[in-house]
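The values are calculated or read from the model by the stated rules, or taken from the named source; none is laboratory data. Predicted model only: the values in this text are computed from it and were never measured. Cβ placement follows ideal geometry from the backbone for every residue including glycine, while neighbour counts extend to all protein chains displayed. These accessible areas exclude ligands, DNA and RNA; they are computed on the full protein's heavy atoms, side chains included. Shrake-Rupley method; radii C 1.70, N 1.55, O 1.52, S 1.80 Å.
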Amino acid sequence: MSTTNQANRLAIQGGEALCTEPWPLPWHGPAAIGEEEVEAVTGVLRSRKLFRFLDHENSWCTRFEKHFRDMTGCRHALAVGGGTAALISGLVGIGVGDGDEVIIPAHTYIASASAVIIVGAVPVLAEIDESLTIDPTRIEALITPRTKAIMPVHMRGIPCDMDPILALAKRRDLKIIEDVAQACGATYKGRRCGSLGDVGCFSVQQYKMITAGEGGVVVTDDEVIFERAALRHDSAMHFWNPGKHAHAAFAGENFRMNEMEGALGCVQFGRLAGIIERCRALRGRVREGIAGLPGLRMHRCADPDGDCGISLVVYLESGGEAKRFSKALRAEGVPCNSIYDQGIPDRHIYCYWEYVMEKGSHDPLGRPWTSPAHDQERVYTPDMCPRTLDILGKAVLLPFSQTYEDRHADLMIEAVRKVTALL
Ligand SMILES: *Cc1c(COP(=O)(O)O)cnc(C)c1O
């Protein structure tokens, strides 16, 4: 290395960084906010009608729900206050409660586990595979007489391999609740993620594909699931749709979406296809530009064409190499990160879910963990899903936003080539 000139030295080794200007905003929805969003939201403020059920027919929230019905092809959509609220409502919809177990991947945002616990069930953690989503071959061994549902999570815009999961659920008489919080707009073999299982749950929080500030959507084809989700989402649901609810009443929360969120969500929905198209193009360009480089393995998933295009994942030989590689790339001025870096708590990795690992509870009796309906022997340990930690440790993630120009993709390619050649 000592004879290489300055331009050929890596930035982490004292060379010149490839890119010194600031990188564009990494977000999707928030970066796309323009005058239309400002108009729509201020229009709601001027109307002074913030509550969606004031004028149900002309409500932004009602329109927002229609967008999700149209996109997914599902017969019902319910706008709610957040992705976690969508999961809670969806779990209540499919009848999950005390004593039930829900199989979730060991790599998902902590909210997936939280929703399960909140409805009185407990999460059972499944290993992921190199798609970064739940490994369909590792689910069946986790099924017990208490298992009620499987929650595939379409992480970082990547569709899960749904066919084997759906077949397993059918064979073992289990429900499927899809967590689509990170993959609004993704498809699996031509069908929309969220519409494949019994119920699908979206988020439109700041970091997701599109945003309403906060918010979420529950979609389902099933009347009873929809009714139960709707009852859970509003403590007075029977008042807003009198006579429409066949299902007996039960207590609900306030998970309603408000009209400012609905308005923002509707305008943002119109931008979704463009965001995905642009991200896919950028990601495709980089993927092609770095294909075949020695030492790098490309991410694979069941349906690459259905991926939202917001992340390109590459695998290195070891965790140490992944860390060195991502550090070197960042030093060149290119955004990226290794996923599992011991010591850096990331709430997308099960071992950092304290209230699962330690069975934390707000309840004086320690429920749901201590409920007599649950398996008291169930334990959670930070090393219980070693394959997940191994895969995440070797992964490096390059993020994409529609805000990037082609030259940013080209810089990424150049940086990856430089780093693989010299590191
Ligand atoms: C963001 C997220 C949620 C929760 O959504 P909120 O809108 O923040 O409540 C659930 N699951 C996954 C996978 C997420 O990324």
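R0 = 25 Å: FRET efficiency of residue 146 with residue 352, Cβ-based, nearest 0.05?
FRET efficiency, residue 146 to residue 352: 0.50.
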Problem set entry | Distance between the range 368-388 and the range 199-255 - C-alpha centres, whole angstrom | 29 Å
Exercise. What ranking of 324, 48 comes out by heavy-atom accessible area, probe 1.4 Å, highest first?
Worked result: 48, 324
Exercise. If you plug each phi of the range 225-231 into the Karplus form 6.51 cos²θ - 1.76 cosθ + 1.60 with θ = phi - 60°, what whole-Hz ³J(HN,Hα) values come out, in order, with x for Gly and Pro?
Worked result: 4, 4, 4, 5, 5, 5, 5
Exercise. In cubic angstrom, how much convex hull volume per residue do the alpha carbon atoms of the chain span?
Worked result: 146 Å³
Exercise. What figure in square angstrom, to the nearest 10, would you give for the accessible area of residue 250 with a 1.4 Å probe?
Worked result: 70 Å²
Exercise. If the cut-off is 12 Å between C-alpha atoms, which aspartates and glutamates fall inside it for residue 189, apart from same-chain ones fewer than 8 positions away?
Worked result: 161, 163, 303, 305, 307
Problem set entry | Structure-based [θ]222 nm, the chain - -39500 (n - 2.57) summed over DSSP H runs of at least 4, per residue, nearest 500 | -10500 deg cm²/dmol
Exercise. Hey, rough spin-label estimate for residue 423 and residue 16, points 7 angstrom out along Cα→Cβ, what's it come to in nanometres?
Worked result: 2.2 nm
Exercise. Ranked highest first by average number of other Cβ atoms within 10 Å, how do 16-24, 179-187, 64-72, 118-126 line up?
Worked result: 179-187, 118-126, 64-72, 16-24
Exercise. Mind ordering 301-311, 136-146 by average Cβ neighbours within 10 Å, highest first?
Worked result: 301-311, 136-146
Exercise. Given +1 on the Cβ of Lys and Arg, -1 on the Cβ of Asp and Glu, and no further charges, what dipole in debye does the range 227-376 carry about its Cα centre, rounded to the nearest 20?
Worked result: 380 debye
Problem set entry | Helix 162-171 vs. the chain, principal-axis angle (Cα, 0 to 90°, nearest 10) | 40 degrees
Problem set entry | Cα→Cβ-extended label distance, 7 Å offset, between residue 407 and residue 45, nm | 3.6 nm
Problem set entry | Cα-centre dipole for the chain with unit charges at Cβ (Lys and Arg positive, Asp and Glu negative), debye to 20 | 300 debye
Exercise. How much accessible area does residue 317 have with a 1.4 Å probe, in Å² rounded to the nearest 10?
Worked result: 120 Å²
For this session: Provide the gained length on full extension for the span residue 173 to residue 379, in nm with one decimal, where the gain is 0.36 nm per separating residue minus the Cα-Cα distance.
Result: 71.6 nm
Exercise. Which value, in Å² rounded to 10, gives the accessible area of residue 45 with a 1.4 Å probe and all protein chains present?
Worked result: 90 Å²
Problem set entry | Whole-number accessible area per residue in Å² for the chain, which is evaluated in the context of all protein chains at 1.4 Å | 42 Å²
Exercise. Percent of accessible area on the chain owned by carbon and sulfur, 1.4 Å probe?
Worked result: 51 percent
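If you take the beta carbon distance between residue 8 and residue 281 as r and set R0 to 25 Å, what does 1/(1 + (r/R0)^6) give as a FRET efficiency, to the nearest 0.05?
So, using R0 = 25 Å, E works out to roughly 0.25.
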Problem set entry | Whole-Hz couplings from phi, Karplus 6.51/-1.76/1.60, listed for the range 395-404; x for Gly and Pro | 8, 10, 10, 9, x, 10, 10, 5, 6, 6
For this session: With just the Cα atoms of the range 342-392, tell me how far they stretch along each of the three principal axes, in Å, largest first.
Result: 36, 19, 12
For this session: Scan around residue 311 for amide H atoms under 5 Å from its own, H built in the peptide plane at 1.01 Å from N, and keep only partners 5 or more places away or cross-chain.
Result: 400
Exercise. Quick one: helix 35-47 against the long Cα principal axis of the chain, what's the angle to the nearest 10°, folded into 0 to 90?
Worked result: 30 degrees
